[in-house]
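The values are calculated or read from the model by the stated rules, or taken from the named source; none is laboratory data. Given the structure is predicted, the values throughout are model-derived calculations rather than measurements. Using ideal geometry, Cβ is built from the backbone for each residue, glycine included, and neighbour counts are taken over all protein chains shown.
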Amino acid sequence: MLRYVIAAAAMVVTLAASSGASTAATAQQEKMKTCNADATAKSLKGDERKTFMSSCLSNKPAAAAEPAKPLTAQQDKMKKCNTDAAGKTGEDRKAFMASCLKG
């Protein structure tokens, strides 16, 4: 009979310990869900989204985030050409980007 009592007590302790771990995981999942929804609402994509998600998940205030590095001349050119190429697809886009980046 004593074995059953000890076994039951061990199960209760195990269940109590595991329920605390799943609560922590749920809190992190909720935080991830909230940060993801905020990033989507702000229409963030690419590096901006990564930076925002990192900051949001680490609980750092926005002012504490590192300032963005200025774009190089080539990056500026690529950004402008990408904007100008909106709506073009396939070979048309490829040809446009080649000529835009050369000139």
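Descriptive notes on the structure:
- Filtered residues of the range 27-54 (kept if under 20 Å from Lys69 (Cβ atoms) and either touching a Cys at 6+ places or on another chain (Cβ under 9 Å) or of a type in the set (D, E, K, R) (or both)): Lys45, Asp47, Glu48, Arg49, Lys50, Phe52, Met53
- Helices (runs of 4 or more DSSP H) fully within the range 44-103 counting 2 or more residues that are within 30 Å of Lys33 (Cβ to Cβ) and either at pLDDT 85 or above or among the polar types (S, T, N, Q) (or both): 46-58
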